[in-house]
Amino acid sequence: MSKSAPSFTCTACAASFRKWAGRCENCGAWNSIIEEAPLSSGPKAIGPRGRQIPLSDLATEEAPPPRAKSGMSELDLVLGGGLVPASAILVGGDPGIGKSTLLLQAAASFARQGVKCLYISGEEASAQVRMRAQRLGLADAPVQLGTETSLRDILTTLDAERPGLAIIDSIQTMWLDTVEAAPGSVSQVRAAAHELVNFAKRRGVAIIIVGHVTKEGQIAGPRVVEHMVDTVLYFEGERGHQFRILRAVKNRFGASDEIGVFEMTGQGLAEVTNPSALFLANRDAPAPGSAVFAGIEGTRPVLTEIQALVAPSPLGTPRRTVVGLDSGRLSTILAVLEARVGIPFTGLDVFLNVAGGMRVTEPAADLAVAAALLSAREDVAIPRDMVLFGEISLSGALRPVSQTENRLKEAAKLGFTQAALPKGSKPGAAIGLNLRGMADLAAFTGEMFGAG
Ligand code: TYD
Ligand code: MG
């Protein structure tokens, strides 16, 4: 492509095109394509030869430096055991969810552990950040504060200061004078993130980049940033709930899908080190439509309550409303119940919800979802001391899932005494729970609710 050739980028999926179009060919979004300044022209000649070293030398030449712990155990867990020096981390989330609060607290924690921290806010004036710090009880934390949006100035500052950790809040406010586009546009976000990630690697400074999520659930120009960084964390929570979940969706230095749980209080975010207890707190008296799922989030077992409500529908097409679970999965489970067990939900509205604002993505939740649905439909409560897990196949069979033992141990710890699980599951050791293995959904329905 010649230097002057125009380039068009989809703001939803970051795909690039040579021509404008009303609809993105890649992701199907309408009106999302905008003209972008080209990144740069291709190389004009062959470059000099790069240096290589044998893989086996790496261990001796550059031993991995130790990770820095913040002392916030939930954050350290999600990072995969602490902050890796010279790494680049993206923290995404809805505006107002608490990213700035979380990262100011993280900066203070790291600083107190002896990591030199620089917090650069492009969104708030320093007085505002200081006020927030006071509210969080961090006014005396040894964190350096900057309010800059010019990336060139920021990089100069970072080069002079050489902190252990720099926080850039947010990437959408940063701009590079070499890119002719407004701050927040895909090309600015991409170029700014590229400069920051490069700097992190070259100068050994860990950088946390904050990014706001757009309505479609993506950070503006997000895909490109996601590819560049080592770790992508999402900070999420349901509106109206005080719980916040920091979820690793990509981590080069640890388990992805790891979650950290926080509670938003008047004095900032408090860590929730026992999420199962939290999600099951305030559980109502045994009521039809409630089932406790023994799940795994990352490396940690987490118990959640799945709630269902089934009611006659006045509509031609009954409602299927889902919060915290995949709606496609609900349709599949309803179809299996109808086709394999002979229990139809036609003419019935179905509402499904994960209590506490959690989001469950594991297929292992299938059995608990089916149990909640059946329990609501048949108006029969599931025993209060029972947990459930297992994947439902299209044939109606129950498939064993990973980490059976961990799930059961967590359930035992929280006082549960029985578990419904796939017949093929093999817990390694005696757990002290009454295990009720079921071969398929029909067997489960027969045992729990009498013959379908
Ligand atoms: P903020 O960190 O500014 O969100 P983001 O950076 O993701 O846009 O969080 C703002 C919200 O958090 C705001 O609605 C007020 C609330 N909040 C508390 O409830 N307690 C606190 O101690 C603080 C600092 C904020
Ligand atoms: Mg903010």
query: Relative to the Cα centre, what is the charge dipole magnitude of the chain, using +1 at the beta carbon of each Lys and Arg, -1 at the beta carbon of each Asp and Glu, and rounding to the nearest 20 debye?
result: 640
message: Go through the cysteines of the chain and tell me which have no other cysteine Cβ under 4.7 Å away.
response: 117
message: Take residue 157 and residue 249, extend 7 Å from each Cα along the Cα→Cβ direction, and tell me the distance between the two endpoints in nm.
response: 2.8
task: Of the listed pairs 250/409; 69/201; 19/201; 116/413; 19/99, which have alpha-carbon separations greater than 30 Å here?
output: 19/201; 116/413; 19/99
message: With angles folded into 0 to 90 degrees, how steeply does helix 327-341 sit against the dominant principal axis of the chain? Use alpha carbons for both and round to 10.
response: 20
message: From the alpha carbon gyration tensor of segment 246-380, can you work out the equivalent ellipsoid semi-axes (sqrt of 5 times each eigenvalue) and give them in Å, largest to smallest?
response: 30, 17, 13
query: Within segment 304-345, what residues put their amide N at less than 14 Å from the label point 7 Å along the Cα-to-Cβ vector of residue 413?
result: 304
task: Calculate how steeply helix 126-135 sits against the longest principal axis of the alpha-carbon atoms of the chain, using the helix alpha-carbon long axis, and give the answer as 0 to 90 degrees to the nearest 10.
output: 40
- prompt: Just how large is the dipole of segment 67-273 about the Cα centre, in debye to the nearest 20, putting +1 at every Lys and Arg Cβ and -1 at every Asp and Glu Cβ?
  reply: 380
- request: Please state the charge dipole magnitude for segment 278-449, taken about the Cα centre, from unit charges on C-beta atoms (+1 on K and R, -1 on D and E), reported in debye and rounded to the nearest 20.
  value: 260
query: On a 0 to 90 degree scale, rounded to 10, what angle separates helix 99-112 from the longest Cα axis of the chain?
result: 70
field: Gained length - residue 338 relative to residue 198, 0.36 nm times residue gap less alpha-carbon distance
entry: 44.9 nm
query: Can you list the GluC sites (Glu not before Pro) in segment 58-166 that are in a DSSP coil and have 14 or fewer other beta carbons within 10 angstrom?
result: 62
- prompt: Where Rh denotes the Kirkwood radius from the mean inverse Cα pair distance, what is Rg over Rh for the chain?
  reply: 1.03
- prompt: Based on the Kirkwood radius over alpha-carbon pairs, what is the Stokes-Einstein translational diffusion coefficient of segment 67-273 at 4 °C with 1.567 mPa s viscosity, in µm²/s?
  reply: 78
statement: Under the 7 Å Cα-to-Cβ spin-label approximation, residue 31 and residue 381 lie apart by a distance in nanometres of 5.1
field: Most positive-pole-ward Cα, 318, 84, 369, against dipole of the chain from beta carbon charges
entry: 84
task: Report, largest value first, the span of the C-alpha coordinates of segment 304-452 along each principal axis, in whole Å.
output: 51, 32, 24
statement: Looks like segment 393-452, by Cα gyration tensor root eigenvalues a ≥ b ≥ c and the a/c under 1.5 rounded cutoff (else prolate when a/b is bigger than b/c, oblate otherwise), is oblate
- line: Of the residues 173, 307, 194, the Cα lying farthest along the dipole of the chain towards its positive end, which is defined by charges on the beta carbon of Lys, Arg, Asp and Glu, belongs to 194
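Coordinate-derived values only; no laboratory data. Being a predicted model, the structure only gives us computed values, none of them experimental. Glycine also receives a Cβ, built like all others from the backbone with ideal geometry; neighbour counts cover every protein chain displayed.
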